[in-house]
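Taking it in order: structure first as structure tokens, then the write-up.
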Amino acid sequence: MLWVEPHIPKPNARILEVGCGHGHVAAALRGAGHDVVAVDSDQEAVAAARYKGVDARVVEFPDGDLIGEDPFDVVLFSRSLHHIRELDAACKLAFALLAPGGSVLVEDWCWNSIDERTAAWVYGLMGIGRAAGIVPKDLWQQSEDPLTTWLEEHRDHIHEVKTMRTAMQQAAQASRHTLTLEEEHAPYVYRYFATYGADQDAQSEPTRDTAAITESVLHAERQMLANNAMAPLGWRLSAVCAD
């Protein structure tokens with residue numbers, strides 16, 4: 001939300017979130033007064049988002065169900081773009097659905113940019129999370145070779161950052177809009193503590209203790225990134241209309 005909100009061009013904006021999961025971000029955007037349509041391919045996730053009052057729909061983006069919708073002021077890919085097989089079509093549709101003056105936002109990660117020291121830190125951190133009962137016991141078990149294990153476990157994340165960047169750039173150039181693209185690296189590992197801290201329950205929110213631990217992990221990750229002590233795993237791209 002801290003990253004998305006400055007890119008929302010106006011109050012009461014119309015927003016499409018692609019890959020809404022259980023609807024935490026969509027619900028927060030709706031609570032801030034925006035008109036939100038949230039889509040996900042997972043029926044259980046959509047049911048959880050609907051429980052939060054979100055207009056959530058089961059859609060395999062770039063499914064044609066969204067064609068003909070009124071334009072959106074923001075199209076947000078929430079950690080979803082790397083999973084979408086029809087990548088070029090997804091990027092083109094995002095800009096086709098965009099209203100003048102709007103923004104396409106991609107919040108994702110560069111899973112393949114990890115190095116040995118970062119992998120060792122992540123697997124060690126997950127061990128602490130398991131001991132605290134915050135992350136599942138089967139998530140990223142400690143390994144004698146964390147880097148190799150990481151790469152094997154994440155091969156199903158089909159797109160790398162360079163592929164997503166190229167697809168977005170080409171779609172922006174082909175769009176009817178005049179766009180400015182910016183990207184940045186960001187923390188990412190802390191998200192696992194927030195996600196699993198809600199016990200994967202559609203009706204629950206992270207507890208106060210879990211929120212505090214997540215903040216601590218986020219602070220540590222920011223410090224390590226600032227000191228070049230780990231590889232950045234979070235990646236963000238914004239394409240903002242100048243028209």
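Since every read-out is calculated from the coordinates, none of them should be taken as a lab result. These numbers were taken from a predicted model, which means no experiment stands behind them. So basically every Cβ, Gly included, is an ideal-geometry build from the backbone, and we count neighbours across all protein chains shown.
Using a Gaussian network model of the chain with C-alpha springs under 10 Å, which one of 58, 74, 104 is most mobile by mean-square fluctuation?
58
Once every DSSP H run of n ≥ 4 in the chain is given -39500 (n - 2.57) and the sum is divided by its residues, what mean residue ellipticity at 222 nm do you get, rounded to the nearest 500 deg cm²/dmol? Walk me through the intermediate numbers first.
Values: 8 runs with 92 residues, N = 243.
-11500 deg cm²/dmol, from helical runs alone.
Below 8 Å, C-alpha to C-alpha, sequence gap of six or more: please give me the relative contact order for the chain in percent.
Details: 434 pairs, mean separation 50.3, N = 243.
Relative contact order for the chain comes out at 21 percent.
On a 0 to 90° scale, report how tilted helix 87-96 is relative to the longest principal axis of the chain, with both axes built from alpha carbons and the result rounded to the nearest 10.
In the chain, helix 87-96 runs at an angle near 50 degrees to the longest axis.
What net charge do the residues around residue 72 carry, taking every other residue with its C-beta under 11 Å from that of residue 72, with Lys and Arg at +1 and Asp and Glu at -1?
Taking every Cβ under 11 Å from that of residue 72, the sum is -4.
Residue by residue through segment 127-138, which ³J(HN,Hα) values in whole Hz follow from phi under the Karplus form 6.51 cos²θ - 1.76 cosθ + 1.60 (θ = phi - 60°), with glycine and proline marked x?
x, 5, x, 5, 5, 7, x, 9, 10, x, 5, 9
Just 156, 35, 88 to compare: in a GNM of the chain, with alpha carbon springs under 10 Å, which one fluctuates most?
156
Could you identify which residue out of 30, 155, 57 has the top mean-square fluctuation in a GNM of the chain using Cα springs shorter than 10 Å?
Comparing 30, 155, 57 in the GNM, the peak value goes to 155.
Using the beta-carbon distance between residue 132 and residue 223 and R0 = 25 Å, what value does 1/(1 + (r/R0)^6) give for FRET efficiency, to the nearest 0.05? Spell out each step's value before the answer.
Working: r = 20 Å, r/R0 = 0.81.
Once rounded, the FRET efficiency stands at 0.80.
Looking at the chain, I'd like the Rg to Rh ratio, where Rg is from alpha-carbon atoms and Rh is Kirkwood's inverse mean 1/r. Walk me through the numbers on the way to the answer.
Details: Rg = 18.0 Å, Rh = 18.7 Å.
My calculation of the ratio gives 0.96.
Calculated FRET efficiency, residue 51 and residue 1, Cβ-Cβ r, R0 22 Å, to nearest 0.05?
0.65
Given 10 Å bins starting at zero, what is the percent of C-alpha pairs of segment 122-165 in each, up to the one with the largest pair distance?
26, 41, 27, 6
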